Amino acid sequence: MAKMLRKEVGDEAVVIKGPLTLGLGELQANLDRVFGFCRNNTSGCPVELERYIKGAAQVHKERNTPPSKDSVRVVLRTSQYVQSAQGSVGGSGPAQIQPRPFVEGLVALPVIDTPRAIRMLGDKDNERLGLTAQEVFDLGLENLRKSQKPLMEVAKIAGGGQIGQLVGDSFYPSRLLLLDTWAPLAKEQGGVLIVAIPATDAVFYISEDTPIAIDALRALVKNIQSRAPNRLSSALLRWKASGWELVPQ
C-alpha cells in the first residue's frame, strides 16, 4: 500500500507509521478496514485497493484547497471512527474535526464532498468558509436536503415480510439527519419504520415491529458487514417524530 500511494503522491509524502497505518503528509491512512475486506474477499481486493488509494491521494492533494460552501455536507460515522480520524488530521488544535452526537455510538460530521472522496472539515476550514461551527453544520444539512431527491421518490414502501433499501449513494445514511423527511414513509407503513445503516452507502428498513422482522433485519446487517469494506453501524433505529431511538438488542 505504501508503494501504491507513493506512486500516486510522491515518495516524500508517505511513511510507514506502524501495522496497518501509513502517514500521508499531515494525514494518517488507516488500513484496517481495507485489510479486513481483502482478507474476506480476495477476488474484490484489487479493485478495493485501487479505490482506496485513489481516494486517499485525492484527499491529500486537496488538503490545502479552500472548501466551497456548495460542497459542504454532513455524514454519519461511529464514535470509534472519529477517535481514529482525529489522529489522521493532527490530533487537536487548528485541524480538529467537529463531531456532533446523533444517537449512542453514532455522530454527525461536517465534510467536503469532492468528485473522488469525502474529506472531513476541521475548524481551520470554518475560518476559510467564513462561518461558525454551527453555521457550517446547518449549511451541510441544507445542502444535503437540496441535493437529495424527496425520500418518497427513491424509497418504496416495505410491506409485511419485506426489507426496503436505499443503496449506492454515500449520503443515503445522512438522510437520517433529515428526520422530518422520513415522516411520509413512516405514515405509509402504518407508523412503523425501523432502519439499519450497515454501510456508509446503504440504508435498509422494515415496517414491522416484531421479533421476527427485527431478527431478519439484524441478520441482513450482519451479512453485509461481513463483506463490506465501508462498514458503518450494526445498530437498528426506530423512527419517532421526536427523533431516532435505538432498538434494544
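Taken together, the values in this text are just the output of simple stated rules run on the coordinates, not laboratory data. All of these numbers come straight from a predicted model, not from anything done at the bench. A quick note on method: Cβ atoms are made from the backbone with ideal geometry, for glycine too, and the neighbour counts reach across all protein chains shown.
Structure notes:
- Residue 84 paired with residue 216, simple spin-label distance in nm, labels 7 Å along Cα-to-beta-carbon: 3.2 nm
- Over 25 Å apart at the Cα level, from the set 3/69; 146/187; 61/124; 3/54, are 3/69.
- Helix axis angle, 79-88 relative to the chain longest principal axis, alpha carbon, degrees: 20 degrees
- Per-pair calculated FRET efficiency, R0 = 22 Å: residue 45 and residue 16 via Cβ, rounded to 0.05: 0.65
- In nm, spacing of pseudo-spin labels at residue 138 and residue 104 (7 Å Cα→C-beta vector): 3.2 nm
- 0 to 90° range, to nearest 10: angle between helix 133-147 axis and the chain longest Cα axis: 60 degrees
- Order by protection proxy (mean Cβ within 10 Å, highest first), peptides 193-205, 170-182, 147-159, 29-41: 193-205, 170-182, 29-41, 147-159
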